[in-house]
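A quick write-up on the structure given underneath.
We did not get these values from a lab; they are worked out from the coordinates using the rules stated. None of the values given here were measured: they were computed from a predicted structure. Heads up, the Cβs are rebuilt from the backbone with ideal geometry, glycines too, and the neighbour counts pull from every protein chain shown.
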Amino acid sequence: MNSMTTTDILWHRVATVQDIPENGGACALIDGKQIAIYNFTRRGEWYATDNLCPHRQQMILSRGMIGDMQGEPKVACPFHKKTFSLKSGACLSGDNYEIKTYPIKVEDGLIYVGLNV
Amino acid sequence: MNTEKVVVVGNGMVGYKFCEKLLKKDSSRTFEITVIGEEPRPAYDRVHLSEYFTNPNPDHLTMAPVEWYIDNSIALHLGDPVQKIDPSKKCIYTLQGKTFAYDHLVIATGSAAFVPTIPGVEKDGIFVYRTIEDLDLIISYAKKSKIGAVIGGGLLGLEAGKALMDLGLETHVVEFAPRLMPRQLDDTGSETLQTKLESLGIKIHLNKNTSFFDGAASVTALQFADNSRLEVDMVVISAGIKPRDEVAAKAGLEIGPRGGIVVNDALQTSQQNIYAIGECALHRSMIYGLVAPGYEMAEVVADRLTGGQKSFSAFDMSTKLKLIGVDVASFGDAFGSAEGATKICFEHKEKGIYKRLNISADKKHVIGGILVGDAEQYNMLLQMVNNKMVLPEHPEDLILGARGEGKSSGGAGVMQLPDEAVVCSCESVTKGALCLAVEEGNTDIGAIKKCTKAGTGCGGCVPMVNDLIKETLKAQGKVIKNVLCEHFDYSRQELLDLVKVGGLKKYDEILNQHGKGDGCEICKPAVASILASVWNEVILKQDTIQDSNDRYLANLQKGGTYSVVPRIAGGEITPEKLIVIGEVAKKYNLYTKITGGQRIDLFGAPVHLLPDIWEELVNAGFESGHAYGKSLRTVKSCVGSTWCRFGVQDSVSFAIRVEDRYKGIRSPHKVKMGVSGCVRECAEAQAKDFGIIATEKGWNLYVCGNGGAKPQHALLFAQDIDEETCIRYIDLIMMFYIKTAEPLTRTATWLNKMEGGLDYLKQVVIQDSLGINEQLLREMQLLVDTYHCEWKEVVENPELRKRFKTFVNSTDSDAEMAFEPMREMKKPSNWTV
């Protein structure tokens, strides 16, 4: 895996654009950590979050459906349909959970996810 | 800025809630909060303590993790009981020798289990039911026990009884009073509950006064005053609570004659800057042993400290709970003890339902009541009591519901509540506040929970909050249309027509033309189902709009693995195919189980192995069983006239024919069928969406039944018909269902909601009253003709196979997946929270 450093986050190259389904997600393993990557084609946006749904501690969010609530991009956990903002990680379905979001960028068809050093 | 020190003694539910409320009100951060707890872990949910038996992970019950206290700058000091309060120095001292100074002290020490002084109570095997540590002791002792008894038939005692039952013990509940839950139920209510609990295997002993515990070092029997005896291996005492007031008493605070720290309406103790809240507080000679009044006390003190003037007044002790699956509620003046009160009662012994309403002497108001077995009306009745609402003309409707066919009691009643009616008592949210929140644009339950916190405690008010949302919108003149979600202003039926007429095949196209926004987890699978029902193309062409199971053509299970169900039409399978299933299961180390639908489920397949597993199954002649889809599952059959000496028709052959015809067809919800070879009905066909039962002359067709949470028998649709007619009727009903039902609606609910019900359905299908039969049959034939095995398509298509990956950048297996051995196979590790 190639890595590039900027100030305090380390960018990890994880996949090519074609690897992630349109308007869907996939899971990348970065240094043993599971990160969900979403290709929100409809909005032309990319997001990265924890793959772990905090509700029942399941590694699953990358397999969830994405969409929006009042314009806020979100992912729905396949297990019990808890939904989380892809931007802030806040739970949008009224529960007291939160997931982490990570910076993500696409350069020359390659996807990079930034993790804190 | 000057800060003031608030010290909270006790980190239980109420102590925690106080911190939460104070933080919310104290926006300028005037207060420096310190919390001192005796138990080793942060506050946890004691109301749901019995869940610990099925999920022995304490984090599951935690109110907020340690990080929450850190994030909110609360100093949390656990595992160290407070030993002394010195009101003159405004200091407290802990067992470990720590000293904390305070400006305001809040005592929230709660209560301990009350243990009666019965001889022998010190023996091994006798426990109380109060903390997680108590539960750990009970769990470990239960491993070597067979028979357990709970002393105390109150609310908590019955909870403890359920826990013993869950631990696999023969369970007895012993109560001193002549009835169960003596504070909440009358004799008939208790009898109803007792019958129900006994049918579940709990033995109830009333009027029993335990005189001593027998046994050497460990308890072996309970000896009662009436000379009877009960042999036991362990005992749980749940005979009430006693307030934890020792430290307060030593500090010279006023204590009630039977315990409890005396407080005024501001919840101040005899020392003005020391408050007591929750189960340790004695307010107007009353100890409140429920969480809702405790939360209200927390609210009052938080309000007072931040300059408010709230006070605590007598709190309603009404309660509703599910005890071992039985709804029990008791509200207001449950026993009708007010002068001149009369009652209306309804009792249905066989169903285990008892309802009692107490009416005021002037016959104008409900003053209280009891519900056992069915407590659906609890919220509304409680509101009527609390708000002194005027009784309707026929008050019996309140407990019986509006009667007569096709009538539903509906949710309109909620709008008659006054604005100050408290709908969510855990968070003290009024109807007025909820309606305002809806008017401000919070039009779904998620948004309401977020902005008002209503429904986030026990959750009991959620149905009522939903009704309020609906009715408020209606009152605003907003048309309450059955719309899919915020992205489509159409019902499923309307959207299906639009898709068909417009020849639309792609979700994005449909969203662009008929919807708005970017879609969500509600409309995506609904549209996917519509597309499958109209065009029947390979669903994985648009995999990211499919619901979890459809996306990977398998059933998502705990831990993130999938289960695999090959089709075994009619439940008939050759020895060769059985061997293949066995070999595949062995090779991939899968857990195997016979399903309720007469087929075999293979559990524990990680997503990347699904195509390999299916390749072997497809090569052996298996097809997808669509166990993952909202579509036909199985056609269950009994062996019928070919082998059975009672059978009158060949039910297996017909079941296979039916299953092969409808397999793979997507519908608004799952569809199950059954075919029985004679009236003995061994296939249980009347519990299915379509049930076919052989007669001497042909077949009887039953429709729209289901099992599940609300079982409903299928209704007889046609008698003594031949196979062709039977198939024709199923074609028509199923297609009519596919085109008109709301998403995720089973056929039973669809028919229940249909105006005119079964008679109307018969007119449409048998008399062709809508003139659409020719079209319905054509549409059904298209679906039958375009059947394809989804798994065969995937196995043979490298592009589709690629989507079955655990990681996009690694071939590693998911290291987080954990299994445990179970009997001779395995199971996933339980949820860890």
- Pairing the Cα long axis of helix B:723-740 with the longest principal axis of chain B, what angle in degrees results, from 0 to 90 and rounded to the nearest 10? 50 degrees
- Message: Report the Cα-based extents of the stretch B:189-250 along its three principal axes, largest first, to the nearest Å.
- Response: 48, 36, 21
- The correct pair for the stretch B:109-184, radius of gyration to one decimal and Dmax as a whole number, both in Å and from Cα atoms, is 12.5, 35
- Query: Once both axes come from the Cα atoms, what is the angle between helix B:610-619 and the longest principal axis of chain B, in degrees from 0 to 90, rounded to 10?
  - Reply: 30 degrees
- Using the Cα atoms of the stretch B:236-337 to build a convex hull, what is its mean projected area in square nanometres? 8.6 nm²
- Query: Taking each residue of A:30-36 in turn, how many C-beta atoms of other protein chains fall within 10 Å of its C-beta, and what is the average?
  - Reply: 2
- Task: Counting other beta carbons within 10 Å of each Cβ, put B:TRP831, B:TRP699 in order, fewest first.
- Result: B:TRP831, B:TRP699
- Item | the protein assembly as shown - Rg (one decimal) and Dmax (whole number), Cα, Å | 31.0, 95
- Mind jotting down the distance between the C-alpha centroids of the stretch B:362-391 and the stretch B:5-31, whole Å? 35 Å
- Given Cα pairs under 8 Å that are at least 6 residues apart, what percent is the relative contact order of the stretch B:555-785? 14 percent
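Kirkwood Rh over Cα pairs of the stretch B:555-785 into Stokes-Einstein at 10 °C, 1.306 mPa s: D in µm²/s?
The Stokes-Einstein estimate is 86 µm²/s.
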- Query: What base-10 log of the normalised intensity I(q)/I(0) is obtained for the stretch B:115-239 from the Debye formula, alpha carbons as equal point scatterers, at q = 0.18 Å⁻¹?
  - Reply: -0.90
- Query: Measuring from the lowest to the highest alpha carbon on each principal axis, how far does chain A reach, largest first, in angstroms?
  - Reply: 38, 28, 22
- Message: Within 10 Å of each Cβ in B:448-457, how many Cβ atoms from other chains are there, averaged over the peptide?
- Response: 2
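Which pairs, out of A:LYS81/B:LYS320; B:LYS710/B:LYS753; B:LYS162/B:LYS196, put more than 21 Å between their alpha-carbon atoms?
Among A:LYS81/B:LYS320; B:LYS710/B:LYS753; B:LYS162/B:LYS196, the Cα-Cα distance tops 21 Å for A:LYS81/B:LYS320.
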- Task: Quickly work out the B:LYS506-to-B:ASP26 label distance, labels modelled 7 Å from Cα along the C-beta direction, and quote it in nm with one decimal.
- Result: 5.7 nm
- Query: When the convex hull of the Cα atoms of the stretch B:712-807 is projected onto a plane and the area is averaged over all directions, what value comes out in nm²?
  - Reply: 9.4 nm²
- Item | Cα-based Rg of the stretch B:52-194 normalised by 2.2 N^0.38 Å, two decimals | 1.37
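Which whole number in µm²/s is D for chain B by Stokes-Einstein, with the Kirkwood Rh taken over Cα pairs at 25 °C and 0.890 mPa s?
Details: Rh = 31.0 Å.
Estimated via Stokes-Einstein, D reaches 79 µm²/s.
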- Task: Return a whole-number percent for the relative contact order of the stretch A:21-100, with Cα pairs under 8 Å and 6 or more residues apart as the contact set.
- Result: 21 percent
- Message: Could you tell me how far the Cα centroid of the stretch B:518-577 sits from the Cα centroid of the stretch B:790-833, in Å?
- Response: 16 Å
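How about the stretch B:748-791: which GluC sites (Glu not before Pro) there lie in a loop by DSSP and see at most 11 other Cβ atoms within 10 Å?
The qualifying sites are B:GLU755.
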- Apply the Debye scattering formula to the stretch B:1-89, with a single equal point scatterer on each alpha-carbon and no solvent, then give log10 I(q)/I(0) at q = 0.14, 0.15, 0.22 Å⁻¹. -0.54, -0.61, -1.12
- Task: Neighbouring Cβ atoms within 10 Å as the yardstick, rank B:LYS688, B:LYS343 fewest first.
- Result: B:LYS343, B:LYS688
- Query: If you average the sequence gap of Cα pairs under 8 Å that are 6 or more apart and divide by the length of the stretch B:69-185, what percent do you get for the contact order?
  - Reply: 14 percent
- So how far, in whole Å, is the C-alpha centre of the stretch A:75-108 from the one of the stretch B:158-191? 44 Å
- Task: Sum -39500 (n - 2.57) across every DSSP H segment of at least 4 residues in the protein assembly as shown, then divide by the residue count to get the 222 nm mean residue ellipticity, nearest 500.
- Result: -8000 deg cm²/dmol
- Note on the structure: The helix B:651-662 Cα axis meets the longest alpha-carbon principal axis of chain B at an angle in degrees, between 0 and 90 and rounded to 10, of 90 degrees
- Query: When Lys and Arg each count +1 and Asp and Glu each count -1, what net charge do the other residues less than 13 Å away from A:GLU72, Cβ to Cβ, add up to?
  - Reply: 0
- For B:ASP45, B:ASP689, what's the fewest-to-most ordering of other Cβ within 10 Å of each Cβ? B:ASP45, B:ASP689
- Relative packing of peptides B:108-114, B:818-824 - highest average C-beta neighbours within 10 Å first: B:108-114, B:818-824
- Query: Once you average over the residues of B:518-528, how many Cβ atoms of partner chains fall within 10 Å of each Cβ?
  - Reply: 5
- Message: Report the rotationally averaged projected area of the stretch B:566-662 based on its alpha-carbon convex hull, in square nanometres.
- Response: 6.7 nm²
